[in-house]
1. So, residue A:26, is that one within 14 Å of chain B (Cβ to nearest Cβ), modelled with pLDDT of 95 or more, more than 13 Å from the chain's Cα centre (by Cα) and farther than 19 Å from residue B:39 by Cα or not?
2. Filter the range B:22-50 down to the residues that are within 11 Å of chain A (Cβ to nearest Cβ) and of a type in the set (Gly, Ala, Ser) and list them by number.
3. Being part of a strand (DSSP E or B) and either of a type in the set (S, T, N, Q) or in contact with a helix residue (DSSP H, G or I) (Cβ under 8 Å, 6 or more places away or on another chain) (or both) is the filter here; which residues of the range B:38-59 pass it?
4. Tally the residues that are over 21 Å from residue A:63 (Cβ atoms) and in contact with a helix residue (DSSP H, G or I) (Cβ under 9 Å, 6 or more places away or on another chain), restricting the search to the range A:77-96.
5. Restricting to the range A:42-56, name every residue that is under 25 Å from residue B:86 (Cβ atoms) and either more than 7 Å from chain B (Cβ to nearest Cβ) or under 11 Å from the mean Cα position of the chain (by Cα) (or both).
6. Kindly indicate which of B:74, B:27, B:64 is of a type outside the set (D, E, K, R), closer than 30 Å to residue A:25 by Cα and surrounded by 13 or more Cβ atoms within 10 Å (Cβ to Cβ).
7. I'd like the full set of residues that are among the hydrophobic types (A, V, I, L, M, F, W, C) and either surrounded by 12 or more Cβ atoms within 10 Å (Cβ to Cβ) or farther than 28 Å from residue A:71 by Cα (or both), limited to the range A:1-11.
8. Anything in the range B:79-98 that is in contact (Cβ under 8 Å) with a residue 12 or more places away in the chain and over 19 Å from residue B:48 (Cβ atoms)? List them, or say none.
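The values are calculated or read from the model by the stated rules, or taken from the named source; none is laboratory data. Nothing here was measured: the structure is a model prediction, and the numbers come from that model. Neighbour counts are summed over all protein chains in view; Cβ atoms, including those assigned to glycine, are modelled from backbone coordinates with ideal geometry.
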Amino acid sequence: KAGVTQTPRYLIKTRGQQVTLSCSPISGHRSVSWYQQTPGQGLQFLFEYFSETQRNKGNFPGRFSGRQFSNSRSEMNVSTLELGDSALYLCASSLAGEPDTQYFGPGTRLTVL
Amino acid sequence: DAKTTQPNSMESNEEEPVHLPCNHSTISGTDYIHWYRQLPSQGPEYVIHGLTSNVNNRMASLAIAEDRKSSTLILHRATLRDAAVYYCILRAPNAGGTSYGKLTFGQGTILTVHP
């Protein structure tokens, strides 16, 4: 079974731009969670989607948003990028999200200049 | 989520056993204990989880104290590939709401394995 895939793997943007990251979960997994990882803050939960609905959200500003499609693929969007948004963005999929084992993708490394 | 405490770092020699401790004195009766690890330049990967009894799988063993206030992840024979950050995480089943799809990662334990 193919693992979680994330595209693109690397991205460079400038301040003020917006970015969209994509995540394809493991086949059959309906829950997708997103995390931000930085050296200073570690791994922090952004949000979780299940059956196209956001069920849970972390403590991030409204510039961070996401969505999930009917095939469970998910995207996250960050608008008006700031330097502090430079991070590794990870998505994880699980069968139902509660409290299943999560399977992580390799991440997208975002650099904001 | 209940809090976990892990040592910042540990070292081991290749082919020796490694015992990674985790303290979780405020654990509730229904919290599961999960372990994940993150190898360099990769996303975290699931290692093992348990509730009360000790658990074994092909990657590791999980020893849970009788009072459940601590647990130990055991790597029976460390290899260089086991060098990673190991995270001990508590998860409440069917808690709903702010628990959906959320793993709360602490700083973890950086494991260094020497050849």
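1. Yes; evaluated as a whole, the condition is true for this residue.
2. Selection gives B:41, B:43.
3. Residues of the range B:38-59 that are part of a strand (DSSP E or B), as a first pass: B:38, B:45-50, B:55-56.
Within the range B:38-59, B:38, B:56 qualify.
4. 0
5. A:44, A:45, A:46, A:48
6. The unique qualifying residue is B:74.
7. A:4, A:11
8. Passing the criteria: only B:80.
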